[in-house]
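Beneath this line is the structure, given in structure tokens, with notes to follow.
The values are calculated or read from the model by the stated rules, or taken from the named source; none is laboratory data. Values in this document were obtained by computation on a predicted structure and should not be read as measured data. Heads up, the Cβs are rebuilt from the backbone with ideal geometry, glycines too, and the neighbour counts pull from every protein chain shown.
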Amino acid sequence: MYLYYLSNLVANPVTKACVAIICTILLNIIGMNWVAYEVLLILVMMDTLLGTMIAYQEKNISSQGFFRTGKKLIVYFTLLISAHQVVRISDLTAWLDPSMALFCAATELISIIENAHRLGIPVPKGIVTKLEQYRRM
């Protein structure tokens with residue numbers, strides 16, 4: 001049933017033109033770092049899954065955790081869009097776009113490692129010690 005409506009919607013030339021215009025605008029705003037965006041989205045999903053598992057284990061599941069994930073995604077993509085726009089303005093900052101994606105990915109990896117440790121998944125002691133030192137800073 002939904003497929004019928006979707007196929008009718010996509011068959012409309014006006015709809016196709018609107019989707020093409022929106023996608024073109026988004027590509028100019030966001031940039032074409034698709035691999036970095038995909039990796040970041042996968043890391044956010046993994047972090048959300050681990051966080052949900054922790055909340056389930058602690059019997060503390062609420063919509064607040066998912067709301068924080070949504071806010072985090074908005075912040076990450078705002079940072080990525082801002083970095084891409086700065087790169088478009090100035091050729092001297094070509095390093096900023098991939099650096100911002102790496103910063104966001106590193107933040108997510110730290111959170112994933114912390115969540116994995118809280119779940120009891122074995123994490124090397126040196127990494128846990130460094131993360132605890134990092135948190136105290």
Check your understanding: Among the residues of segment 4-32, how many are under 16 Å from H84 (Cβ atoms) and either among the β-branched types (V, I, T) or at pLDDT 70 or above (or both)?
Key -> 9
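Would you mind stating whether A105 is part of a helix (DSSP H, G or I) and either on the phi > 0 side of the Ramachandran plot or touching an Asp or Glu at 6+ places or on another chain (Cβ under 8 Å) (or both)?
Numbers: part of a helix (DSSP H, G or I): yes; either on the phi > 0 side of the Ramachandran plot or touching an Asp or Glu at 6+ places or on another chain (Cβ under 8 Å) (or both): no.
Judged against the criteria, A105 is not a match.
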Practice item. List every residue pair whose Cβ atoms sit under 8 Å apart, with the two residues 6 or more apart in sequence or on different chains, where the first one lies in segment 44-58 and is without any contact (Cβ under 8 Å) to a residue 40 or more places away in the chain and the second, anywhere, is outside any helix (DSSP H, G or I) and surrounded by fewer than 16 Cβ atoms within 10 Å (Cβ to Cβ). Key: T52/I61; A55/I61; A55/S62
Point to revise | Count of residues meeting criterion [under 15 Å from N115 (Cα atoms) and surrounded by 15 or more Cβ atoms within 10 Å (Cβ to Cβ)] in segment 22-52 | key: 8
Revision key, fill the gap. Taking segment 93-102 and keeping residues assigned to a helix (DSSP H, G or I) and either outside the structural domain of A36 (by TED's automatic domain parsing) or closer than 20 Å to N28 by Cβ (or both) leaves T93, L96, D97, P98, M100, A101
Study note, to complete from the structure: (1) surrounded by 13 or more Cβ atoms within 10 Å (Cβ to Cβ); (2) more than 19 Å from V44 (Cβ to Cβ) all hold for P98 apart from (2)
